[in-house]
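One structure is given here, and the rest of the page talks about it.
The values are calculated or read from the model by the stated rules, or taken from the named source; none is laboratory data. Remember, predicted model here, so these are calculated numbers, not experimental data. In this analysis, Cβ positions are derived from the backbone assuming ideal geometry, glycine residues included, and neighbour counts consider all displayed protein chains. Surface accessibility is based on the protein's heavy atoms, side chains included, excluding ligands, DNA and RNA. Shrake-Rupley method; radii C 1.70, N 1.55, O 1.52, S 1.80 Å.
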Amino acid sequence: MKLVVIGFGQCGCRISDEFARLNSRARSQRGMEIIPGAFAVNTDAADLTGLSTIRPDYQHRILIGGRRTGGHGVGKINEVGAEVARDDGDKIIDAMRTVERFFESDAFLLVGSSSGGTGSGAVPIMTQILKERYADKPVYNLIILPFEHEESTEERTIYNSATCLKSVITVADAVFLVDNQRYVRKDFSLKNNLSEINRLIVEPFYDLLCAGEETKSRYIGSKMLDAGDIIQTLTGWTVMGYGKSQIPLFRFPFLRRLDFRSKSIETHKGIQAMDEAITELSIRCNPVDADRALYLLAAPAREMNMDLVKELGSYLKGMASQATIRNGDYPRERGSLEVTLVLSGLIVVEKVKSYYDKISGSISEIKRRQKEAEDKLRELEEAAKDVPSLL
Ligand SMILES: Nc1nc2c(ncn2[C@@H]2O[C@H](COP(=O)(O)OP(=O)(O)OP(=O)(O)O)[C@@H](O)[C@H]2O)c(=O)[nH]1
Ligand SMILES: [Mg+2]
């Protein structure tokens, strides 16, 4: 499957940059293209400069809201992020259209944090604009939820998240949720931690996107997972997980045949990887609430057999009992057995509900304060009306 990835705001742009690296990896390791376009859109010029892999021209790194924000971001006011996207939506599409491989994709993926200003406001608006323009292509969102400490120190965090989430779920074909807090690893410094988190967020897309683009016969499994399977699976609130277990690099073939235990070892390793994928889901949720699920098993061809694929299916069915489950196998690298898992159409996501609950109690107070701030600003402008200007 080929995705055009568009990041908005600092968080979204960095993750889009990570997708650009994923594509370089697919090209060099597997000779294929999975991200025909990776773009970065921001109201902050310095953040755009700080990226490393997305091409540095103005068609790939797109500055919006120039006159309004002076290239310095929207200061966490996501209404302004939304307005700027509405004003500059055509500019974004025009910039991307000039990139020749823009049309080669199966779907769009728009990325941003829920709690900032630019990404949180721009992702829903651009999703709506893209859906109107390209009715035949699904538009997916990947939304990053804030760390716990940000929720307690910054009131806008919850407000932005709630308004962003309510908006994206009404326009996008599916919304991948990622909770930053789930990725906190205490042994990294914050900056490295964010890069490491971004790498972990993007990693599960690697096999998933590559599997359907494979053309070499030795890498084609008995059930190939392609863009159609993925598109059929994705709907509404969606989470991803990824698990890996190591397997011995080499075992004598005659021993493998004789050893009645080897089959159970493979099954055990497979279940272990599936279990990790479920435990490490990108946001806490209960698989029983999923309407659809998909898993991809990637392992050396000799380790893979239909029994193993079936075992994994029944294991998952035991947990996601309401879900229609699709699957695929992908004969790949030696030494490990990897499971990529997608749960979609979730009917309950506690974290999302908690944002809605938290702001519905204080919505009138927040609106009152917003109005007060706007009134004060207007008063100041009014008072300055008769003061001569030096400009
Ligand atoms: N995973 C991850 N989270 C990030 C990254 N950068 C920022 N965040 C999170 O994103 C939120 C802040 O959003 P930003 O993307 O910085 O905001 P923005 O969209 O640029 O909006 P403004 O700066 O207000 O114009 C916080 O919750 C951060 O923890 C990143 O590289 N990776
Ligand atoms: Mg910013």
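Classify segment 43-132: rounded, prolate or oblate, from the alpha-carbon gyration tensor (a ≥ b ≥ c, eigenvalue square roots; a/c under 1.5 rounded; otherwise prolate if a/b is larger than b/c)? Oblate is the answer for segment 43-132, as a/c is 1.5 or above yet b/c matches or exceeds a/b.
What pairs in Lys131/Lys244; Lys76/Lys358; Lys137/Lys351; Lys91/Lys371; Lys76/Lys367; Lys269/Lys353 have C-alpha atoms more than 25 Å from each other?
Working: Lys131/Lys244 36 Å; Lys76/Lys358 18 Å; Lys137/Lys351 29 Å; Lys91/Lys371 31 Å; Lys76/Lys367 16 Å; Lys269/Lys353 35 Å.
Violating the 25 Å Cα-Cα cut-off are Lys131/Lys244; Lys137/Lys351; Lys91/Lys371; Lys269/Lys353.
Across Thr163, Thr153, Thr279, mean-square fluctuation computed from a Gaussian network of the chain (C-alpha pairs under 10 Å connected) peaks at Thr153.
Solvent-accessible surface of segment 55-112, taken per residue with a 1.4 Å probe and all protein chains present: 52 Å². Rounded to the nearest Hz, the phi-derived 3J(HN,Hα) couplings of segment 74-82 under the Karplus curve 6.51 cos²θ - 1.76 cosθ + 1.60 (θ = phi - 60°) are 10, x, 6, 8, 6, 5, 5, x, 5, where x marks glycine and proline.
If we count every other residue with Cβ under 11 angstrom of Asp88's Cβ, Lys/Arg +1 and Asp/Glu -1, where does the sum land? Charge balance near Asp88 sits at 0.
Just to be sure I understand: if I project the alpha-carbon convex hull of segment 326-391 onto a plane and average over all orientations, what area do I get in nm²?
Working: hull surface 49.6 nm².
For the Cα atoms of segment 326-391, the hull's average projected area reads 12.4 nm².
Note that segment 363-378 has calculated 3J(HN,Hα) couplings of 4, 5, 5, 5, 5, 4, 5, 4, 5, 4, 5, 5, 4, 4, 4, 5 Hz, one per residue in order, obtained from phi through the Karplus relation 6.51 cos²θ - 1.76 cosθ + 1.60 (θ = phi - 60°); glycine and proline are x. Note on segment 72-142: dipole from Cβ charges, positive end direction compared against Ala135, Ala85, Gly119; the farthest Cα belongs to Gly119. On the basis of the beta-carbon distance and an R0 of 22 Å, Thr324 and Val348 show a calculated FRET efficiency of 0.80.
The HN-Hα couplings worked out from phi for segment 319-335 by the Karplus form 6.51 cos²θ - 1.76 cosθ + 1.60 (θ = phi - 60°) are 9, 9, 5, 8, 8, 7, 10, 10, 8, x, 10, 9, x, 9, 3, 6, x Hz, whole numbers, x standing for Gly and Pro. With a 1.4 Å probe and every protein chain left in place, work out the accessible area per residue of segment 278-391 in Å², rounded to a whole number. The answer is 57 Å² per residue. Result for the chain in a Gaussian network model with C-alpha springs under 10 Å: among Ala38, Ala85, Ala299, the largest mean-square fluctuation is at Ala299. When restricted to Cα atoms, segment 272-378 yields an Rg and a Dmax of 21.6, 72 Å, respectively.
Sort 219-225, 376-382, 170-176, 72-78 for me by packing, meaning the mean count of neighbouring Cβ atoms within 10 Å per residue, highest on top. It would help to have the intermediate numbers written out before the result.
Values: 219-225: 17.4, 376-382: 9.6, 170-176: 21.6, 72-78: 19.9.
Ranked from most to least packed, the peptides come out as 170-176, 72-78, 219-225, 376-382.
In a simple Cβ point-charge model (Lys, Arg +1; Asp, Glu -1; nothing else charged), segment 65-220 has a dipole of about 200 debye relative to its Cα centre.
Quick check: net charge around Lys317, other residues with Cβ under 13 Å of its Cβ, Lys/Arg +1 and Asp/Glu -1? Please report the intermediate quantities before stating the final value.
Numbers: positive: Arg292, Lys310, Arg326; negative: Glu311.
Around Lys317, the surrounding residues sum to +2.
Give me the percent of the accessible area of the chain that comes from carbon and sulfur atoms, probe 1.4 Å, all protein chains in place. Result for the chain: 53 percent of the exposed heavy-atom area is carbon or sulfur. Across the chain, the relative contact order, built from alpha-carbon pairs under 8 Å that are at least six residues apart, equals 14 percent. GNM on the chain, alpha-carbon springs under 10 angstrom: the most fluctuating residue among Phe205, Phe39, Phe19 is Phe205.
Can you give the FRET efficiency to the nearest 0.05 for Gln232 and Thr53, using r as the Cβ-Cβ distance and R₀ = 45 Å?
On the way: r = 31 Å, r/R0 = 0.69.
FRET efficiency, Gln232 to Thr53: 0.90.
The Stokes-Einstein estimate for segment 266-314, based on a Kirkwood radius over Cα pairs and taken at 25 °C with 0.890 mPa s viscosity, is a diffusion coefficient of 205 µm²/s.
In the context of the full set of protein chains, segment 128-202 has a per residue accessible area of 47 Å² (1.4 Å probe). The orientation-averaged projected area of the convex hull spanned by the Cα atoms of the chain comes to 22.2 nm².
Shape class of segment 206-250 from the alpha-carbon gyration tensor: oblate, with a/c at 1.5 or above and b/c at least as large as a/b.
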